[in-house]
Amino acid sequence: MPVEVYGEDYQFSPKSEILTFEEIKRLIALFQRAGTEKVRITGGEPLIRKNISGLVASLVDIPGLNDLTLTTNGWFLAQHAADLKKAGLNRVTVSLDSLDSKIFAQMNGRGFGPKKVLQGIEAALAAGLTPLKVNAVVKRSENFDSLLDLVAYFRATEVIVRFIEYMDVGNRNGWVMDEVVPSAELVERIDRRWPLEPMEANYRGEVASRYRFLDGQGEIGVISSITQPFCGDCVRARLTTDGRFITCLFAETGLNLRDPMRAGAGDDELSGLIESCWSNREDRYSELRASVPGGDSRRKIEMYQVGG
Ligand SMILES: C[S@@+](CC[C@H](N)C(=O)[O-])C[C@H]1O[C@@H](n2cnc3c(N)ncnc32)[C@H](O)[C@@H]1O
């Protein structure tokens, strides 16, 4: 969310447009009925939503969900970690692109250093929000050269660092292929310092490829969304704050579930909308990216709306 657009005076969506906790719970229960087993609360930044632990507590009541997690920039995590755990959250993922204050400040665009995020991670570990993952997006000209420090810091801890290839989500991040570091290159670099071996995936469709340190000091993951797209295995459905159901991170639009719900649609009708939208999806943008002539000119949904 570039500061020049979303500055202090920016008018965010009015409350009436965003889903209430009751509406979120109702839709998640319908997604569960359609086969969803895992829920991740993301954003935007989920920890700035008022009473986020209340939302967690209400989602925990939905039978059949076997994982409830949250992705955060970690800024407010220290103050929320214990409450989130008490409410029933299983674990968290924290985004942290570098331990270098200057590089991190440049990448978050707000000039913030990593200290408060690291305190958030400590608090989350102390609260038992584990296994805790740290997400680092890799950009060749920005944090690539500082990533061994991140590995060194979290090796031999409970934290699993996952490196994400920089993606062309939305229209505002000025993406260029030159900034993408293929995961294979990063793995090779880490392997030269701390030898690695590949591990089995935890489950089919797991987005990260896992590697363990040969000296037994834990593991890392890499998410190769650009160099090895995994559209064929993608089972992620996304629900936006304003109630749109989105079937691809690179979508241009989504199915509005909020309006039919507010107009009185029953559970069966909403389930029908969810199921037909999912069964008819044809998204495979990451596989097609390289073949889009002259680059991609579509108006894609921004990352802060689609959540990652
Ligand atoms: C969009 S954020 C939303 C949640 C929360 N505000 C946070 O910072 O973690 C979710 C994840 O997407 C990652 N991300 C953002 N832009 C990305 C990009 N262009 N390519 C790959 N990952 C990206 C972030 O690093 C973060 O781990």
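Per the conditions (1) touching a helix residue (DSSP H, G or I) at 6+ places or on another chain (Cβ under 7 Å); (2) more than 15 Å from Ser98 (Cα to Cα); (3) not acidic (Asp, Glu), the sole criterion not satisfied by Pro182 is (1). For the range 100-126, the set of residues classified as crowded, with 21+ Cβ neighbours inside 10 Å and either touching a Phe, Trp or Tyr at 6+ places or on another chain (Cβ under 6 Å) or not aliphatic (A, V, I, L, M) (or both) consists of Phe104, Pro114, Gly120, listed by residue number. The set of residues in the range 191-224 that are among the small types (Gly, Ala, Ser) and within 27 Å of Gly308 (Cα to Cα) comprises Ala201, Gly205, Ala208, Ser209, Gly218, Gly221, Ser224.
One residue stands out in the range 19-28 among those that are without any contact (Cβ under 8 Å) to a residue 40 or more places away in the chain and not basic (Lys, Arg): the one that is farthest from the ligand (Cβ to nearest atom), namely Glu22. The residue list Phe213, Phe163 contains one member that is in contact (Cβ under 8 Å) with a residue 40 or more places away in the chain and more than 20 Å from Asp97 (Cβ to Cβ), which is Phe213. Within the range 28-42, the set of residues being under 21 Å from Leu84 (Cα atoms) and either out of contact with any helix residue (DSSP H, G or I) (no Cβ under 8 Å at 6 or more places or on another chain) or in a helix (DSSP H, G or I) (or both) comprises Ile28, Ala29, Glu37, Lys38, Arg40, Thr42.
Scanning the range 72-125 for residues that are of a type in the set (Phe, Trp, Tyr) and out of contact with any Leu (no Cβ under 8 Å at 6 or more places or on another chain) yields one hit, Phe112. Out of curiosity, is Asp61 over 19 Å from the mean Cα position of the chain (by Cα) and acidic (Asp, Glu)? Here the answer is yes, as Asp61 does meet what is asked. Checking each residue in the range 11-29 for being surrounded by fewer than 17 Cβ atoms within 10 Å (Cβ to Cβ) and of a type in the set (Val, Ile, Thr) picks out Ile18, Thr20. Whether any residue in the range 49-66 is within 14 Å of the ligand (Cβ to nearest atom) and touching a Ser or Thr at 6+ places or on another chain (Cβ under 9 Å) is what I want to check. Yes, because at least one residue in the range 49-66 is within 14 Å of the ligand (Cβ to nearest atom) and touching a Ser or Thr at 6+ places or on another chain (Cβ under 9 Å). The set of residues in the range 84-116 that are farther than 19 Å from Tyr304 by Cβ and touching a strand residue (DSSP E or B) at 6+ places or on another chain (Cβ under 8 Å) comprises Leu84, Gly88, Leu89, Asn90, Arg91, Ser98. Restricting the range 72-88 to residues that are more than 13 Å from Ala136 (Cβ to Cβ) and not in a helix (DSSP H, G or I), the residue that is nearest to the ligand (Cβ to nearest atom) is Thr72.
Flag not set for Glu252, criterion: loosely packed, with under 12 Cβ neighbours inside 10 Å and more than 20 Å from the chain's Cα centre (by Cα).
Each row is one residue, and each column tells you yes or no for (1) surrounded by 15 or more Cβ atoms within 10 Å (Cβ to Cβ); (2) out of contact with any strand residue (DSSP E or B) (no Cβ under 9 Å at 6 or more places or on another chain); (3) not charged (D, E, K, R).
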{"position": "Arg172", "(1), (2), (3)": "no, yes, no"}
{"position": "Met177", "(1), (2), (3)": "no, yes, yes"}
{"position": "Val181", "(1), (2), (3)": "yes, no, yes"}
{"position": "Leu186", "(1), (2), (3)": "yes, no, yes"}
{"position": "Arg192", "(1), (2), (3)": "no, yes, no"}
{"position": "Glu197", "(1), (2), (3)": "no, no, no"}
{"position": "Ala201", "(1), (2), (3)": "no, no, yes"}
{"position": "Arg204", "(1), (2), (3)": "no, yes, no"}
{"position": "Ala208", "(1), (2), (3)": "yes, no, yes"}
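For Val180, the test of being within 16 Å of the ligand (Cβ to nearest atom), within 30 Å of Ser271 (Cβ to Cβ) and of a type in the set (A, V, I, L, M) is failed.
Across the range 30-44, the qualifying residues are those that are more than 16 Å from the ligand (Cβ to nearest atom) and polar (S, T, N, Q), and the one among them that is surrounded by the most Cβ atoms within 10 Å (Cβ to Cβ) is Thr36.
For the range 95-125, the set of residues classified as more than 15 Å from the ligand (Cβ to nearest atom), more than 21 Å from Thr157 (Cα to Cα) and in contact (Cβ under 8 Å) with a residue 24 or more places away in the chain is empty.
No value in this document is a laboratory result; all are computed from the given coordinates. Just so it is clear, the model here is predicted, and its values are computed rather than measured. Note: ideal-geometry Cβ built from the backbone for every residue, glycine included; neighbour counts use all protein chains shown.
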